[in-house]
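These notes concern the structure reproduced below.
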Amino acid sequence: MLGELCKATGASFAVALSSDASHAYFIDDKGRYVDPDIFLAIVALMIPQGSRLAITDSASRIVDAIAEKNKLSLIRVKGIAGDIARGVRRLRVNLGATDSGEVIFPQFSLSPDGMILTAKLLEMLSTEEVRLSTLVEAIPEASLYTLELEADQSVAGKVLDAVFLEHTEVAVAPGMVKYRVGETWVKVHQDLDGGKIYVSVDSSNKAAIEIAKKEYERLGELIESLK
């Protein structure tokens, strides 16, 4: 709905905030939902060179590439999204961010603030005279090994709920759950416009690929049981 509204009005972007405004999820000017990993990479583009950025360990490795290109000091914080605030305080970074739609601006508060993030994004886009869609398209594709499962919207939602409840270390965003299996983060997300579920891991890690195959089989069995 936000995507259609954004296109119809010619807005620079649209944003959905959580009830306490700690999480923010963005739609670009072309009406496309911006994956939180992609937005995290855009955050790495937004801050000045030489800055210190703390992110959750579950975030995509594409953020590392953007941070290196922008000459940032990137620090990965072990644990779940709630641990990032402690990392920001301890490591004295300029910015903290998660792949669950949270960004912390330590100069204002040690709590994530979606309202400040929205204002900062609007300021940056206006100052640089660039569209959010242009930034999205400038981020290179992550190197992922991805498997695809058929599942309608109702079944996909139940699968994501089940995955979330099964694991203690998770990262969550609309239509997406990441969870840790050993040292590997597995990303399970649904096609928000269709009837598919995708299981993804870092394609450069052979052990991670084997984990993805096992999770694919396990989730396939779960889908069959839910039909």
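The number of Lys pairs in the chain with C-alpha atoms less than 17 Å apart, excluding pairs fewer than 8 positions apart on the same chain, is 18. FRET efficiency for the Glu137 to Arg89 pair, using the beta carbon distance and R₀ = 35 Å, is estimated at 0.50. Karplus-based coupling profile of region 154-164, in residue order and whole Hz: 5, 5, 4, x, 5, 5, 5, 4, 5, 4, 4, with θ = phi - 60° in 6.51 cos²θ - 1.76 cosθ + 1.60 and x standing for Gly or Pro.
Region 65-209: percent of C-alpha pairs farther apart than 27 Å?
33 percent
Taking Tyr216, Tyr198 and ordering them by how much accessible surface each has at a 1.4 Å probe, largest first, produces Tyr216, Tyr198. Available extension along the chain between Ser126 and Glu169 is 11.8 nm, counting 0.36 nm per residue and deducting the alpha carbon span. With the simple model of a label 7 Å out from the Cα in the direction of the Cβ, Met1 to Lys214 spans 4.1 nm. The heavy atoms of Leu135 offer some 30 square angstrom of accessible surface to a 1.4 angstrom probe. Treating the angle as unsigned and between 0 and 90°, give the value, to the nearest 10°, between the Cα long axis of helix 36-46 and the longest Cα principal axis of the chain. Taking the Cα atoms of the chain, the angle to 36-46 is about 20 degrees.
What separates the Cα centres of region 1-70 and region 80-133 is a distance of 10 Å.
A simple rule links phi to the HN-Hα coupling: the Karplus curve 6.51 cos²θ - 1.76 cosθ + 1.60 with θ = phi - 60°, which for region 206-218 gives 5, 5, 5, 5, 5, 5, 4, 5, 5, 5, 4, 5, 5 Hz, with x for Gly and Pro.
The values are calculated or read from the model by the stated rules, or taken from the named source; none is laboratory data. This is a predicted model, so every value here is computed, not measured. Here the Cβ is made from the backbone with ideal geometry for all residues, glycine too, and neighbour counts use every protein chain on show. Surface areas here come from the heavy atoms of the whole protein model, side chains and all, with no ligands, DNA or RNA. Shrake-Rupley method; radii C 1.70, N 1.55, O 1.52, S 1.80 Å.
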